[in-house]
Amino acid sequence: KAGRSDRQQGLTFYDKTVEQAAMKEPTEYTIREMLEFGGGNGGEAWSPYKTLQFGRYVHRELPIRLARRLMDLHQLPYVVVTNPHIMSVYSYYLSSFRTLNSFPELKTVQDSDKFTKVMLRLVDESVPLLGVMARGIRECMRKPIIGETLQLQGFLQTILHTRIARRVIAEQYV
């Protein structure tokens, strides 16, 4: 939309691409599959084909999972969503979603190498997010009158469980 800054566009809650991705079901990633992809060859490096194959899964899967968390954030009360710490987590998720979603399909080993570099950056950048989210939630919970009525346990449990799953998938790939 003409005239909107990147910052304004980054904080929009009405991104159809996110909504469409969030409607897709994430693919279950079992312990068996994890062992098959990541530890089945005694610590040896993956073959280029195996790296490309798992990269395709990561490329397809992580945008769906990020979109679902963005939609979870959309459902939070105004006082929570407008907290600067929560907004920064939202901005990171949206930026990561857009980065992964716009990355071209992985067709070659070279594509996989480029994707690995992107994933390394995203994994590194996501390290402080849990602390940032916790800081924002604490601030919201301390708000007079409103804070004591907030029911965020289910949201926090979902965020924590899904963060672990995303990190396992991403870190196994990189």
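Sorted largest first by accessible area at a 1.4 angstrom probe radius, with every protein chain in place, the residues Ile137, Ile146 fall in the order Ile146, Ile137.
Could you identify which residue out of Glu28, Glu19, Glu139 has the top mean-square fluctuation in a GNM of the chain using Cα springs shorter than 10 Å? Among Glu28, Glu19, Glu139, the largest mean-square fluctuation in the Gaussian network model of the chain belongs to Glu28.
What the chain shows is 60 Å² of accessible area per residue, with the surface traced by a 1.4 Å probe over protein heavy atoms. With a simple spin-label model that places each label point 7 Å from the Cα along the Cα-to-Cβ direction, the separation between Trp46 and Arg163 comes to 2.5 nm. Working note: 222 nm ellipticity from helices only, DSSP H runs with n ≥ 4, each -39,500 (n - 2.57), summed and divided by the residues of the chain, gives -22500 deg cm²/dmol to the nearest 500. With the whole protein complex present, Met34 retains an accessible surface near 50 Å², based on a 1.4 Å probe.
Compute the FRET efficiency between Glu28 and Ile145 as 1/(1 + (r/R0)^6), taking r as their Cβ-Cβ distance and R0 = 41 Å, and round to the nearest 0.05. Once rounded, the FRET efficiency stands at 0.50. With point charges of +1 on the Cβ of Lys and Arg and -1 on the Cβ of Asp and Glu, referenced to the Cα centre of the chain, which listed residue (Val127, Val89, Pro48) lies farthest in the positive direction of the dipole? Value computed over the given set: Val89.
The values are calculated or read from the model by the stated rules, or taken from the named source; none is laboratory data. Note that the structure is predicted; figures quoted are calculated from it, not measured. Positions of Cβ are backbone-derived with ideal geometry, glycine not excepted, and every protein chain shown enters the neighbour counts. Protein only, heavy atoms only, side chains kept; ligands, DNA and RNA dropped before computing areas. Shrake-Rupley method; radii C 1.70, N 1.55, O 1.52, S 1.80 Å.
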